[in-house]
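Written out below as structure tokens is the structure these notes cover.
The values are calculated or read from the model by the stated rules, or taken from the named source; none is laboratory data. Here the structure is a predicted model, which means the values were calculated and not measured. A quick note on method: Cβ atoms are made from the backbone with ideal geometry, for glycine too, and the neighbour counts reach across all protein chains shown.
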Amino acid sequence: MNTNPHRDDDYLPCQDYIIEGNDSSGITRFENEGKFYFSFSENNKIILRSEGYSNEAGRENGIASVLKNINNEGLYHTRRLPDGRWILSLKAGNHQEIARSCPFNTEEEVLVLMPGARKRATSQINLAAVEAGSIEQEGISFADDSSVGQNVEDDYMICREYEEKISSKHPEYSDFICFKHENTGKYYFAMINKNNEIVFRSEGYPTTAARDNGIESVRKNREIPERISVDEQRNLFFLVIKAGNHQEIGRSCPFTSKDQALALLQDTSEKRTTANVEDDYMICREYEEKISSKHPEYSDFISFKHENTGKYYFAMINKNNEIVFRSEGYPTTAARDNGIESVRKNREIPERISVDEQRNLFFLVIKAGNHQEIGRSCPFTSKDQALALLQDTSEKRTSANVEDDYMICREYEEKISSKHPEYSDFISFKHENTGKYYFAMINKNNEIVFRSEGYPTTAARDNGIESVRKNRDNKQRLSVEENRGLYFWY
């Protein structure tokens with residue numbers, strides 16, 4: 001049992017993480033009490049730390065995931081711990097946490113660890129060193145470059161802040177959003193494309209009038225090709241727009257290639273000249289955050305009203321609680337439920353489902369008999385990934401689904417400290433969303449061995465625990481099942 005009040009989940013206290021001997025990527029690997037850990041550090045300071053892994057292979061997978069996502073600001077989240085301190089959490093694309101910072105007393109302190117903030121700090125240190133003569137200038141004349149030491153990202157916010165305001169449309173221009181940020185007190189805008197993606201985000205303005213002048217400047221200069229360029233920083237690419245005086249007036253979110261950044265221009269051109277099938281879809285995260293809002297009649301659908309748009313949405317999900325098809329917004333629940341019925345009817349007709357490619361991303365699309373699109377998946381980087389969703393949903397419709405009332409593993413892992421009062425190798429809890437009772441058998445490393453489905457009562461759940469305890473020593477009752485290339489103990 002965890003007796004250290006400053007130890008959370010399976011993370012060690014920060015003082016136990018090692019940063020000496022880190023490799024060229026900033027990673028240090030070490031062992032502690034039979035588990036395998038790593039840290040990511042810069043300038044002898046821990047930026048991110050890992051949980052404990054039961055083997056080295058698992059740790060290497062964790063390191064690979066961190067290094068893949070470490071510069072994606074949209075995957076960082078701040079969170080307040082029960083003791084009032086704050087951490088910065090890095091999550092993978094599936095929303096699973098893969099590393100976190102040490103805890104700090106305030107959210108502002110952890111935000112300093114964001115990739116952009118770290119870069120700014122490094123730039124300022126390097127500039128000071130150059131000015132002091134401690135870094136060789138390599139023939140570059142800094143005196144003649146007024147931009148040195150100035151960070152064009154200084155007053156931009158991370159992309160997620162703009163994406164969360166994607167429904168705050170400008171009253172006059174439908175391809176712009178505008179809002180006042182509750183923390184900075186400043187006014188921001190972003191130009192968006194037909195997929196509700198950020199094309200250009202603004203810095204903060206002190207007044208709405210100044211912000212609207214910024215919007216007018218972007219609208220004027222976006223029609224002049226030479227005012228738009230791609231800026232590369234840290235192997236990331238940003239689409240940048242400047243005014244006639246060469247002042248930057250907007251920049252995109254980061255991309256991993258120049259072509260991805262430039263593709264935004266094609267989108268906005270299409271938006272002004274063609275019909276927009278994505279007009280009323282929200283970004284995938286909005287649906288994923290409502291994954292527990294199950295439809296009262298259909299367990300493979302979620303349904304909800306969005307607090308900002310005031311519209312009604314649904315999504316068809318697979319047995320892994322992944323979005324298969326997300327809906328546009330509907331004005332009423334009745335209209336939304338008609339949309340659900342249309343998806344349920346047409347998903348049984350193979351020719352109504354296809355893969356749509358846009359900007360090297362692939363979407364699974366479902367259409368009604370009149371060729372009207374009624375749902376689309378989240379984006380994937382390959383056609384095969386998009387099509388794999390069909391295999392999952394096909395299995396769900398045609399075979400028994402052993403995952404029907406299981407929750408995703410993270411739900412059990414987050415309750416790892418909820419030990420059963422009688423059996424120390426079991427956890428037990430009631431889930432706040434489903435209202436059902438669950439258990440999991442764990443091993444000595446606090447890893448999930450078997451997770452349970454949901455039970456209507458504690459008595460039924462405890463009967464399930466007794467059944468597992470009785471049968472776990474009978475090898476004939478245990479088996480391994482393969483499902484979509486993954487293996488599960490049963």
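Out of 79, 7, which single residue is assigned to a strand (DSSP E or B), at pLDDT below 90 and not assigned by TED's automatic domain parsing to the domain that holds residue 233? Lay out the reasoning, then the answer.
On the way: 7 fails: assigned to a strand (DSSP E or B).
Residue meeting the stated conditions: 79.
Of everything in the range 25-40, what is surrounded by 14 or more Cβ atoms within 10 Å (Cβ to Cβ) and over 15 Å from residue 113 (Cβ atoms)? Give them in sequence order.
Hits for the range 25-40 are 27, 28, 29, 30, 35, 36, 37, 38.
Screening the range 442-461 for residues that are in contact (Cβ under 8 Å) with a residue 12 or more places away in the chain and more than 30 Å from residue 12 (Cα to Cα) and picking the one that is farthest from the chain's Cα centre (by Cα) gives 460.
Taking residue 64, is it assigned to a helix (DSSP H, G or I) and over 30 Å from residue 198 (Cα atoms)?
Working: assigned to a helix (DSSP H, G or I): yes; over 30 Å from residue 198 (Cα atoms): no.
So residue 64 fails the test.
Among 43, 61, 22, which is the only one that is more than 22 Å from the chain's Cα centre (by Cα), among the polar types (S, T, N, Q) and surrounded by fewer than 17 Cβ atoms within 10 Å (Cβ to Cβ)? Working first, answer last.
Working: 61 fails: more than 22 Å from the chain's Cα centre (by Cα); 22 fails: surrounded by fewer than 17 Cβ atoms within 10 Å (Cβ to Cβ).
Result of the check over 43, 61, 22: 43.
Applying the condition of being part of a strand (DSSP E or B) and among the acidic types (Asp, Glu) to the range 22-51 and asking which residue is farthest from residue 91 (Cα to Cα) yields 31.
Mind telling me which of the residues 437, 406, 412 ends up being of a type outside the set (S, T, N, Q), at pLDDT below 80 and surrounded by 18 or more Cβ atoms within 10 Å (Cβ to Cβ)? Checking each option against the conditions leaves just 406.
Condition check ((1) modelled with pLDDT under 90; (2) of a type in the set (A, V, I, L, M); (3) over 22 Å from residue 260 (Cβ atoms)) across all residues:
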position	(1), (2), (3)
177	no, yes, no
181	yes, no, yes
184	yes, no, yes
195	yes, no, no
201	no, no, no
210	yes, yes, yes
215	no, yes, yes
231	yes, no, no
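Take the range 235-257 and flag every residue that is assigned to a strand (DSSP E or B) and out of contact with any helix residue (DSSP H, G or I) (no Cβ under 8 Å at 6 or more places or on another chain). If the condition is that a residue be assigned to a strand (DSSP E or B) and out of contact with any helix residue (DSSP H, G or I) (no Cβ under 8 Å at 6 or more places or on another chain), then 236, 240, 248, 251 are the ones that fit.
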